[in-house]
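Novice: One structure is given below, represented as structure tokens, and several questions about it will come after.
The values are calculated or read from the model by the stated rules, or taken from the named source; none is laboratory data. Please read these numbers as outputs of a predicted model, since none were measured by experiment. Cβ coordinates were reconstructed from backbone atoms using ideal geometry, including for glycine residues, and neighbour counts include every protein chain displayed. We work out accessible area using only protein heavy atoms, side chains counted, and drop any ligands, DNA or RNA first. Shrake-Rupley method; radii C 1.70, N 1.55, O 1.52, S 1.80 Å.
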Amino acid sequence: MSKGVSTSTDKNIVDRSRSHRNKAVSKAVRATRERLQSGQAGTPAFDREMLGMHLNATLQGAAVMPILIILVGGIAAHITRDPQYYVWALFTLSIHALTIMLAVRASKTDMTPRGTVKWRRLLLAGQACMGFCWALFCLKECPACGSDAFVFFKGAALLIVLSVTAMANLMLRQAVLFGFLPTVLALLLMAASTRNVLEIGLTAMFTTSLIFFVYITGRLYQSNLKLLSYQSEKDDLIAELEVANSLSDEARRRAEEANMAKSRFLASMSHELRTPLNAILGFSEVMAGEVLGPLNNPLYREYSGDIHRSGQHLLNLINEILDLSRIEAGKYDLNEDAIFLLELAEDCIGMVQLRAKAKNISISEQLEPDLPAVWADEKSMRQVMLNLLSNAVKFTPQGGEVMVKVGWTAGGGQYISIKDNGPGIDEKEIPVVLSAFGQGSIAIKSAEQGTGLGLPIVQAILAKHGGEFKLKSKLREGTEAIAILPAKRVLQTLPAIEETQAVEPRKRHFA
């Protein structure tokens, strides 16, 4: 026996074997919410993504810092006439090359939460080494070229390097602080040893600039973190919508398969049931009428009548189910023609007159004369009127009264109203009565035979005509059913054309 999930259409409409998709999506959404609700430090997942963005930015701008180091070292060597600045530039370029190699190696490894912490510390250590190189640059002096000019040069160079480093390391938290804290210490040492006003001013200005850039980079880091969080949440929600869309497509496909199976079942069962019903109805009618001779036992004649009535009830039930199924499937086609509701009402009243007389029910008419024809399906409208009249006669007690009205609506359409003085329906039960197979408490208590499909079929037929069905009822006051056809269904008659004299043709004159 197969242990897989059944794909038959009479089982689950939604494929429950794909529930793991929902679990994955829920897990992703939950992780995203945790990221959004986390503090400023972020989650390890976002740290990994931010570190990856920092590595990409570092590798793309790897040539900016070497150019700046060469320019600063060359200009300083030219001003001071000291070749040690070339050595310093070479040493600083070597440290920068090591940090770039570290970034290349980090970008090629698969980041894990522990690996992210390790590589972040290594990159911060590389920034600290670069800071020591700039601290060495700050400790240099130039007695021959004048201290004031060289101090201004140092200040300008350090501010440019600080701004470039801050822009290049936005995605690496505390990189600016680790990179230039040694420089601040070196400037403090120089200012304390020389007690020069310019050195003190440079130290204060650079320290203030460092604090400002640390604050700015922190705010930009948080902004990027939020943007990344929103992007991640959007991606997760898109994934969830895609999964929901696939599940809805699967559910729709299975619903279509179930509908097709239902249609095939109804078509097959209607054929299989109608074939023996023809024989049951025919032979039971022959036996009840004693066409071929009298029956020896009178109970047999009574039983034959019961068989005939039961078969007729079953046939009506099959017809109603098939009609409702065709309407729901959209395969109920209207054979429209010009019909008169007055004639249709009189025919239907004559058809239920015998049943009404058996219960001593009087059917009165209130018909507006000279109603024009309407464009509708005669068979469907006859079914509407017969269903409403049958319900009225069925639920009206002995000696009751049924009123049939046909006339104009306020909007220019036509209506059919059938009102009885029966027990009525509770207003809360009206939606139940209008639903398929729904029956009110009065019908259940009175044990009236019925399927609960008459009013839903009436409502569906009128909807196909663009009309409306209203059911008004109160307990112990009776029920009124109103079938309304819109004004566009009414055929307006045109007056006859009066006879006019023919126009004589104009004579043509040729030159």
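Novice: Determine, yes or no, whether ALA261 is over 30 Å from ALA157 (Cβ atoms), of a type outside the set (Asp, Glu), in a helix (DSSP H, G or I) and open to solvent by less than 50 Å² (accessible area, probe 1.4 Å).
Specialist: yes
Novice: Mind checking whether some residue in region 194-206 is under 30 Å from LEU139 (Cα atoms), of a type in the set (Ser, Thr, Tyr) and modelled with pLDDT of 85 or more? Step through it out loud before you land on a result.
Specialist: Within region 194-206, the subset under 30 Å from LEU139 (Cα atoms) is 194-206.
This time we only want the ones that are of a type in the set (Ser, Thr, Tyr), so: 194, 203.
Remaining after also requiring modelled with pLDDT of 85 or more: 203.
Taking every residue of region 194-206 in turn, at least one turns out to be under 30 Å from LEU139 (Cα atoms), of a type in the set (Ser, Thr, Tyr) and modelled with pLDDT of 85 or more.
Novice: Condition first: in contact (Cβ under 8 Å) with a residue 60 or more places away in the chain and either of a type in the set (A, V, I, L, M) or in contact with a Cys (Cβ under 7 Å, 6 or more places away or on another chain) (or both). Now tell me which residues in region 459-491 satisfy that.
Specialist: ALA460, ILE461, LEU462, ALA481, ILE482, ALA483, ILE484, LEU485, ALA487, VAL490, LEU491
Condition check ((1) in a helix (DSSP H, G or I); (2) modelled with pLDDT of 90 or more; (3) buried (at least 20 other Cβ atoms within 10 Å of the Cβ)) across all residues:
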| site | (1), (2), (3) |
| --- | --- |
| ASP370 | no, no, no |
| SER380 | yes, no, yes |
| GLN383 | yes, no, no |
| ASN387 | yes, no, yes |
| ALA392 | yes, no, yes |
| VAL406 | no, yes, yes |
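Novice: On to the next question. Looking at region 92-99, is at least one residue open to solvent by 40 Å² or more (accessible area, probe 1.4 Å), over 30 Å from ASN196 (Cβ atoms) and within 51 Å of the chain's Cα centre (by Cα)?
Specialist: Checked against the condition, which is being open to solvent by 40 Å² or more (accessible area, probe 1.4 Å), over 30 Å from ASN196 (Cβ atoms) and within 51 Å of the chain's Cα centre (by Cα), region 92-99 yields no hits at all.
Novice: In region 64-102, how many are touching an Asp or Glu at 6+ places or on another chain (Cβ under 9 Å) and within 17 Å of VAL161 (Cα to Cα)? If you could, list the steps in order and put the result at the bottom.
Specialist: Restricting attention to region 64-102, the residues satisfying the condition of being touching an Asp or Glu at 6+ places or on another chain (Cβ under 9 Å) are 76, 80.
Adding the requirement that they be within 17 Å of VAL161 (Cα to Cα) leaves 76.
Total meeting the criteria: 1.
Novice: Quick one: SER325 ticks every box in (1) of a type in the set (Gly, Ala, Ser); (2) within 26 Å of ASN259 (Cβ to Cβ); (3) touching a strand residue (DSSP E or B) at 6+ places or on another chain (Cβ under 7 Å) except a single one, so which number is it?
Specialist: (3)
Novice: Continuing with the same structure: Residues of region 314-354 being open to solvent by 90 Å² or more (accessible area, probe 1.4 Å) and modelled with pLDDT under 85, which ones?
Specialist: Within region 314-354, ARG326, GLU328, LYS331, ASP333, ASN335, MET351, LEU354 qualify.
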